[in-house]
Structure formats: C-alpha cells, structure tokens
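A short reminder: the numbers here are calculations on the coordinates, not readings from a lab. What you are looking at is a predicted structure, and each value in this text was computed from that prediction instead of being measured. Please note: Cβ atoms are built from the backbone with ideal geometry, for glycine as well, and neighbour counts cover all protein chains shown.
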Amino acid sequence: MIEDEKKRLVLLINHWIKHNLAHTENYLDKAKKLEHQKFGKVAKHMEDASDFVLQANKEFEAAIKILDGL
C-alpha cells in the first residue's frame, strides 16, 4: 500500500512539474510581447512569477528525492 502511494505521488508531482513548466513558458512568452508593447514593468512581474514557479518545481523535485529514499 505504501509503495503504491509513493508511486502515485511521484507521478502526480512529475505531472505538476511538467504543468508548471508549460505555464512558465507562457508567462515568459507573454512577458517578451509586453516588453515590445512598452509594458516593461508588467513584464518584469511576469518574469518574477515565472521564477517563483520554477522554485516551486525545485521543491517538488526535492520531495521526489525524499520519496525515492523511503
């Protein structure tokens, strides 16, 4: 039972990581467009948000390492 739950969690967390990466790509693409439209300050916040999401992925990766060690 515990092994099944670990596998399920790893799959779920990997899904979240991939999902987050797709979002960060969209954020950065939009930020580039906003830069060209003279919305540099808005673009900067979108880039910062992307960084936060990537940091969340690092935390998810750390969680997977813990699960792998159990």
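Numbers at a glance
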item	result
Residue identified as over 10 Å from the mean Cα position of the chain (by Cα) and small (G, A, S) among A31, A56, A22	A31
Every residue from region 29-41 that is surrounded by fewer than 14 Cβ atoms within 10 Å (Cβ to Cβ) and in a helix (DSSP H, G or I)	D29, K32, K33, H36, G40, K41
Hits in region 17-32 - residues which are touching a helix residue (DSSP H, G or I) at 6+ places or on another chain (Cβ under 8 Å) and more than 11 Å from L54 (Cα to Cα)	Y27, L28, K30, A31, K32
